[in-house]
């Protein structure tokens, strides 16, 4: 089966390091057979102290750690990894890593009762599944991914019962007559845990199962789960959207009603889905009219990552046709309304926001440029690019923690670290490249 390069080109799983053409998914039976027999060719386990084609970066809710996803994109090892980095010391902690399947997409971290990460959810294109893991914390405050009942020496690996195969879930949710027209959910890439459902009652605060959203890159299936008390995803409903689903954000309208915005890398649109989490445990998902821009260019290569503003009802999206940061504002009904495009160069990838603690209104937006090996710094109020910061080769995933940007350099197998506080003596310079 074909697998997409993070920059948008199609490439074969197990084929090599370079990307192919843009926006075309190719399926060749012989390559699919080789992938199916991948266990015979992926001989070595990955080294958790190194990054191998990293794509996604997620910050711990407490802000003291970041987690980097290595994809094993050339199938050199038995799988990819998720590895913790200590923000304060900028130290990779391989003892807390976990081996996951190859070709991982995004990862979503959920806070535990102490505010630190308690659970993690990852989308895995290898075998078309999602993985749910626990985060254990040592007495020294170091995290470790755990998803196996048995203890093992060396790099941790998850049990099969910690994964959910998503391929046929949407087909199984409809009648026999509708099944042939319903897509599968191959290549899950986008994943997001929604906000909690908490209600004040006479007995105190009651919390209901929160949602988990998954988007399929290859087939365009949008899936909604709820999370059991032990964190296990339970499928509830879904919709058939357009292929190319990349990233998601959730915007609350009411406690039970949310708008989910889904970016599409193959279509010049943002999908809008209204999700209602009912008191009886059922979930309704209704497709709204997509958000479109007046097209200034046509490339077949469009949206990537998104981020919500920290200071207002605003959404920032990485856009490629033309290369820009798209800025939208949420209306009273939760629907995002386009405000404008901030022109960039190259291939925008992921987006993150930063505001200093003593000036919360001074928000800046950061965007990775995959083809330009750079990180953009943007003032969203003046629509101005204020800086372009050189980083490693092929920057894609991005997270902000400890007043620093953590950038996954896909082609270099590294993580670039960039201080964001103007008081730092090396402000907006790469101070470290972890490999």
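The values are calculated or read from the model by the stated rules, or taken from the named source; none is laboratory data. All values derive from a computational prediction rather than experimental measurement. When we count neighbours, we look across all protein chains shown, and the Cβ atoms used for this are built from the backbone with ideal geometry, even at glycine.
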query: Considering 104, 123, 49, which residue is farther than 30 Å from residue 356 by Cα and in contact with a helix residue (DSSP H, G or I) (Cβ under 7 Å, 6 or more places away or on another chain)?
result: 49
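The rows are residues; the columns are (1) on the phi > 0 side of the Ramachandran plot; (2) in contact (Cβ under 8 Å) with a residue 60 or more places away in the chain.
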site: 90; (1), (2): yes, yes
site: 99; (1), (2): no, no
site: 103; (1), (2): yes, yes
site: 106; (1), (2): no, yes
site: 114; (1), (2): no, no
site: 123; (1), (2): no, yes
site: 130; (1), (2): no, yes
- request: May I ask you to list pairs of residues, at least six apart or on different chains, whose Cβ atoms are under 6 Å apart, with the first in region 235-257 being on the phi > 0 side of the Ramachandran plot and the second being part of a loop (DSSP other than H, G, I, E, B)?
  value: 244/265; 244/266; 244/267
task: Quick one: which strands (runs of 3 or more DSSP E) lie wholly within region 360-408 and hold at least 1 residues that are modelled with pLDDT of 95 or more, more than 13 Å from residue 420 (Cβ to Cβ) and over 17 Å from the mean Cα position of the chain (by Cα)?
output: 374-379, 384-390
- request: Answer yes or no: is there a residue in region 223-240 that is over 19 Å from residue 351 (Cα atoms), assigned by TED's automatic domain parsing to the domain that holds residue 383 and in contact with a strand residue (DSSP E or B) (Cβ under 6 Å, 6 or more places away or on another chain).
  value: no
